[in-house]
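So the structure is just underneath, and the comments pick up after that.
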Amino acid sequence: MMEHDALDAGLGDADDDDFDEAVEAIDDQLPDHRYLDRELSWLAFNQRVLELAEDPTVPVLERANFLAIFASNLDEFFMVRVAGLKRRIVTGLAVPTNVGRAPLDVLADISAEAHRLQLRHAAAWTDKVRPALADAGIEVVTWDSLDDDTAARLTEYFQRNVFPVLMPLAVDPAHPFPYISGLSLNLAIRIRNARTGRQEFARLKVPPMLPRFVEVPGEAPGVRYLPLEELISNHLDDLFPGMEVLDHHAFRLTRNEDMTIEEDETENLIQALEAELLRRRFGPPIRLEITEDMDDLTRSLLLSELDITEQEVYRLPGALDLRGLFDLSRIDRPDLHYPPHVPKTAVAFQPAEQNG
């Protein structure tokens with residue numbers, strides 16, 4: 001039985017710290033790293049989503065779906081959590097985290113872990129899920145692998161469906177660097193004027209209203225798909241007549257879309273929401289994803305024009321924005337999905353039979 005004089009609650013004495021000493025004594029017996037950082041813990045959760053995509057025992061279209069879920073989750077994490085942390089740091093309102101670490105240190109840890117996970121995510125698609133889909137008769141192909149007849153039919157599709165909605169924007173003294181919307185997939189293109197020999201830069205947005213994976217026509221068994229950005233990049237000459245296309249690379253920008261509304265200080269909540277939604281659209285950049293093969297000249301231009309730091313650049317092998325795999329995961333192949341779950345009532349809760 002505990003002695004009352006050993007732990008005097010001292011409820012009426014503000015200076016009584018006997019209870020605090022008891023808590024400190026217990027704390028000394030616990031591990032130093034018993035608490036998890038809030039943001040790094042969330043990244044660990046998303047890693048578990050990625051592990052489901054890497055699991056060969058999971059049906060392959062479900063694995064593709066988990067890759068898309070991972071990408072979508074990480075986008076939201078950067079747009080809200082990382083963006084909010086950066087805003088608090090800039091405004092001087094950031095406080096130590098729940099584990100007592102400085103906000104800048106946490107931001108560095110987030111960057112290192114996110115880089116690791118995004119590289120692992122890209123490898124999971126390239127080395128595991130994409131080959132497994134091909135083995136199941138669903139192949140994501142490259143332009144160079146197509147025969148002449150198939151390429152001609154896809155060119156016809158490009159001219160009819162894709163070309164009319166493309167809008168390349170050049171950057172020159174008369175045209176400033178264009179606004180890059182958040183989460184859009186873009187092509188950075190370097191071209192040379194055939195008449196003057198001058199090199200120029202152009203940005204082309206991959207239209208989000210079109211399917212990300214274009215079905216490839218043909219008589220081959222199974223189905224084949226070509227990424228939309230690859231179809232566009234192999235028809236750039238049609239977009240820049242009289243120009244020589246020197247190089248092109250995909251990139252993708254994530255912007256701050258965290259919302260902050262002080263309801264107690266806002267007279268008109270609807271107007272405040274409208275203003276905040278408009279601000280979100282033009283929020284500052286917080287992450288730049290580029291392809292692994294992007295040249296230094298294009299990369300330097302993007303960093304300068306977007307006002308983004310090296311820590312915020314994610315150089316990735318393979319395709320960007322794998323949220324497009326949501327479309328592939330909806331292919332009607334029951335054998336490549338989880339078996340449908342049929343709900344049923346537990347026996348204990350089934351209604352008693354009515355004897356007539």
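The values are calculated or read from the model by the stated rules, or taken from the named source; none is laboratory data. Note that the structure is a prediction, hence the values are computed from the model and not measured. Here the Cβ is made from the backbone with ideal geometry for all residues, glycine too, and neighbour counts use every protein chain on show. The accessibility values were calculated without ligands, DNA or RNA, using every heavy atom of the protein model including side chains. Shrake-Rupley method; radii C 1.70, N 1.55, O 1.52, S 1.80 Å.
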Charge tally in the Cβ shell below 10 Å around residue 295, where Lys, Arg are +1 and Asp, Glu are -1, residue 295 excluded: -1
Neighbour cut-off at most 15 other Cβ (10 Å), DSSP loop, GluC sites (Glu not before Pro), the range 308-356: 353
Net charge, residue 153 excluded, C-beta distance under 14 Å - Lys, Arg +1, Asp, Glu -1: -4
For residue 119, solvent-accessible area (1.4 Å; no DNA, RNA or ligand), Å²: 90 Å²
Approximate spin-label separation residue 344-residue 245, in nm, with each point projected 7 Å along Cα-to-Cβ: 5.7 nm
Residues residue 337 and residue 42, FRET efficiency given R0 of 25 Å [Cβ-Cβ distance, rounded to 0.05]: 0.35
Theoretical FRET efficiency, 1/(1+(r/R0)^6), r = Cβ-Cβ of residue 297 and residue 141, R0 30 Å, to 0.05: 0.50
Those trypsin sites (Lys or Arg not before Pro) in the range 164-226 that DSSP places in a loop and that have at most 15 other beta carbons within 10 Å: 195, 198
13 Å beta-carbon shell around residue 247, net charge (K/R +1, D/E -1): -2
Point-to-point label distance, residue 311-residue 175, nm (Cα→Cβ direction, 7 Å offset): 3.5 nm
Stretchable slack from residue 95 to residue 73, in nm (0.36 nm times residue separation minus alpha-carbon distance): 5.4 nm
